[in-house]
Amino acid sequence: MSTPNSGNLKVTQVRSTIGTKPKQRGTLRALGLGRIGRSNVLPNRGEIRGMIARVPHLIKVEEVE
């Protein structure tokens with residue numbers, strides 16, 4: 001049975017952190033990012049979705065199985 005929070009999310013950094021607030025840089029670090037073009041596959045959970053919601057202008061998100 002598939003739930004809305006099933007699967008994984010591939011998060012890719014697409015913009016630089018230069019000029020961003022320290023909290024946003026920390027959020028990217030917590031997501032496992034730090035350089036443009038770097039990707040990380042994370043579980044689709046509420047905590048991860050909350051972090052993604054803080055930096056949508058810096059990342060690209062894709063759903064993967």
Q. Among (1) under 21 Å from S6 (Cα atoms); (2) among the charged types (D, E, K, R); (3) over 8 Å from the mean Cα position of the chain (by Cα), where does R29 come up short?
A. (1)
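If you take the residues of the stretch 45-65 that are among the charged types (D, E, K, R) and under 10 Å from the mean Cα position of the chain (by Cα), which of them is surrounded by the most Cβ atoms within 10 Å (Cβ to Cβ)?
Within the stretch 45-65, the first condition is being among the charged types (D, E, K, R), and the residues that meet it are 45, 47, 49, 54, 60, 62-63, 65.
Among the residues that remain, those that are also under 10 Å from the mean Cα position of the chain (by Cα) are: 49, 54, 60, 62.
Numbers: R49: 13, R54: 17, K60: 12, E62: 11.
Looking at the filtered set, the residue picked out is R54.
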(Q) With the requirement that a residue be surrounded by fewer than 18 Cβ atoms within 10 Å (Cβ to Cβ), in contact (Cβ under 8 Å) with a residue 24 or more places away in the chain and in contact with a strand residue (DSSP E or B) (Cβ under 7 Å, 6 or more places away or on another chain), what does the stretch 4-36 give you? (A) G7, N8, K10, T12, V14
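Read-outs throughout are calculated quantities, based only on the coordinates presented, and are distinct from any laboratory measurement. Please read all numbers here as calculations on a predicted model, not as lab measurements. With ideal geometry, Cβ positions are generated from the backbone for all residues, glycine too; neighbour counts draw on all protein chains shown.
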